[in-house]
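One structure below.
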Amino acid sequence: MSSTLQDLVNRAVFYSTEVQTHFGALIADAEWEVDFSSDPHLTFTSAEGAVLRTRPHLLGSESGREKTWLWGWENVNDFPDAVVGLSHEVRKFGAAEDVSELTTPEFSLDEELALRLTLASKEATDKWAHYPAAAGAGTTVWLLVDAAEIALPAPQVKVSVRALMQGLTQTTVTDHRAAIEAYVARRGIPTAELPEGGLRMLFADGSADLSFDDQRRISNCDLNAPLEGEAAEQYAAAEPTSTPTEAAAASRATDSTSAPAAKDVAAPPASTPTTPTPVQTEEAAPTESVPDEKPAAEAAPAPEAQAKEAAEPAAEASDAARGQQQQPEDERLVGDGSVEPAETETPIEEEPSKDAKPKKKGLFSKLFGR
């Protein structure tokens, strides 16, 4: 059975969002450099000198001048297979699934498409962190990033609900229910059916009750913590589920030659940022129904508003991990050169003095392709 690009985006968006948030916390305020030689690596160095060495895969490049996307497997810069090899897997996957966007070497790009192609590539390759970096002359290079340290901790109710709410603000998600089902399956989160087609997500520290409209969009989310009552009984009855993605990641980490020594790695936090997610609780008034003809953004105002509020503290926590290298003038990428992270859309209000350290940009938003 073939898939569309939108199908792949739906299946990838929520898990990707949680991984990106975790990744952002690991590399907050770090300087970085990338090497596209036969031993490719993307290295983040914190202000304290801790080093996280990751394995980058060149997925594709976005030209701001031409408004086009060029897949890495086209390889016009003659990068080694170690750099572009994974992009070939995306092309093969696209051919098998009959997704033309993954098999066309170059095509016109809109504002959202680079991120959507990256999400689809994550579904195709099982690599769930990405990093868009500016390579000079208006070109942004999109990298998939692999490292054992990026593996997620055990699911937590607030973290997962935040991932759902933020994911809906990142790109178009046409089938919220299918997207959530893909997320809980990949994350190993037990669920229970609720009346009128609702779904309960069960965690060791709480539960989240989701309801949907007749177009399978989230219309309400009730977060309950700690875990108690019927939800606690359902969680206890659910068999522990292993997550194929995390099991595969653990296996890759064991065999990986690019994983850094523990003493050189920035220690990851115990969990993703713990700022409470502003979601509806049982005491809150339920979301009012909205006519079906309104778009999804209007049909579920509570989740999107919550997402924006939830994103703000995380954005502040991971504000601006920016490399200090000069951007190359030549648009052609250099095999062992460095590139800078993609600039945000918001300009810097004041130009720093010559002696001042360059102002760092919002890494959190860049990680999501904004």
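Out of all the residues in the stretch 14-31, is one or more out of contact with any helix residue (DSSP H, G or I) (no Cβ under 8 Å at 6 or more places or on another chain) and free of Cβ contacts under 8 Å to residues at least 12 places away in the same chain? Let's see the steps before the verdict.
Of all residues in the stretch 14-31, those out of contact with any helix residue (DSSP H, G or I) (no Cβ under 8 Å at 6 or more places or on another chain) come to 29-31.
Remaining after also requiring free of Cβ contacts under 8 Å to residues at least 12 places away in the same chain: none.
Checked against the condition, which is being out of contact with any helix residue (DSSP H, G or I) (no Cβ under 8 Å at 6 or more places or on another chain) and free of Cβ contacts under 8 Å to residues at least 12 places away in the same chain, the stretch 14-31 yields no hits at all.
Would you be able to say whether some residue in the stretch 78-89 is of a type in the set (D, E, K, R), over 23 Å from residue 17 (Cα atoms) and touching a Phe, Trp or Tyr at 6+ places or on another chain (Cβ under 8 Å)? No, the stretch 78-89 contains no residue that is of a type in the set (D, E, K, R), over 23 Å from residue 17 (Cα atoms) and touching a Phe, Trp or Tyr at 6+ places or on another chain (Cβ under 8 Å). For the stretch 25-41, a residue qualifies if it is surrounded by fewer than 22 Cβ atoms within 10 Å (Cβ to Cβ) and more than 19 Å from residue 151 (Cβ to Cβ), and the qualifying residues are 29, 31, 33, 35, 37, 38, 39. Looking only at residues in the stretch 1-24 that are over 12 Å from the mean Cα position of the chain (by Cα) and at pLDDT below 95, which one is surrounded by the fewest Cβ atoms within 10 Å (Cβ to Cβ)? Only one residue tops the list, namely 1. Scanning the stretch 28-51 for residues that are under 22 Å from residue 81 (Cβ atoms) and aliphatic (A, V, I, L, M) yields a count of 2. The set of residues in the stretch 72-89 being more than 20 Å from residue 120 (Cα to Cα) and among the polar types (S, T, N, Q) consists of 77 alone. Of the residues making up the stretch 90-109, those that are surrounded by 15 or more Cβ atoms within 10 Å (Cβ to Cβ) and in contact with a strand residue (DSSP E or B) (Cβ under 9 Å, 6 or more places away or on another chain) are 90, 91, 101, 102, 103, 106, 109. Taking the stretch 158-215 on its own, how many of its residues are surrounded by fewer than 22 Cβ atoms within 10 Å (Cβ to Cβ), out of contact with any helix residue (DSSP H, G or I) (no Cβ under 7 Å at 6 or more places or on another chain) and farther than 22 Å from residue 229 by Cβ? Summing the residues that are surrounded by fewer than 22 Cβ atoms within 10 Å (Cβ to Cβ), out of contact with any helix residue (DSSP H, G or I) (no Cβ under 7 Å at 6 or more places or on another chain) and farther than 22 Å from residue 229 by Cβ in the stretch 158-215 gives 7.
Selection of strands (runs of 3 or more DSSP E) fully inside the stretch 91-146 by the criterion of at least 3 residues being touching a residue at least 60 places away in the same chain (Cβ under 8 Å) returns 129-136, 139-146. For the stretch 42-62, the criterion of being surrounded by fewer than 16 Cβ atoms within 10 Å (Cβ to Cβ), of a type in the set (Ser, Thr, Tyr), over 19 Å from residue 122 (Cβ atoms) and in the same structural domain as residue 143 (by TED's automatic domain parsing) is met by no residue. Hey, can you tell me all the residues within the stretch 49-73 that are in a loop (DSSP other than H, G, I, E, B), in contact (Cβ under 8 Å) with a residue 40 or more places away in the chain and more than 30 Å from residue 101 (Cα to Cα)? Result: 50, single match. Among the residues of the stretch 74-89, count how many are touching a residue at least 24 places away in the same chain (Cβ under 8 Å), in a helix (DSSP H, G or I) and surrounded by fewer than 21 Cβ atoms within 10 Å (Cβ to Cβ). Residues flagged as touching a residue at least 24 places away in the same chain (Cβ under 8 Å), in a helix (DSSP H, G or I) and surrounded by fewer than 21 Cβ atoms within 10 Å (Cβ to Cβ) within the stretch 74-89 amount to 4.
The values are calculated or read from the model by the stated rules, or taken from the named source; none is laboratory data. No experiment lies behind these values; they were computed from the predicted model shown. Don't worry about glycine lacking a Cβ; one is built from the backbone with ideal geometry, like all the others, and counts go over all protein chains shown.
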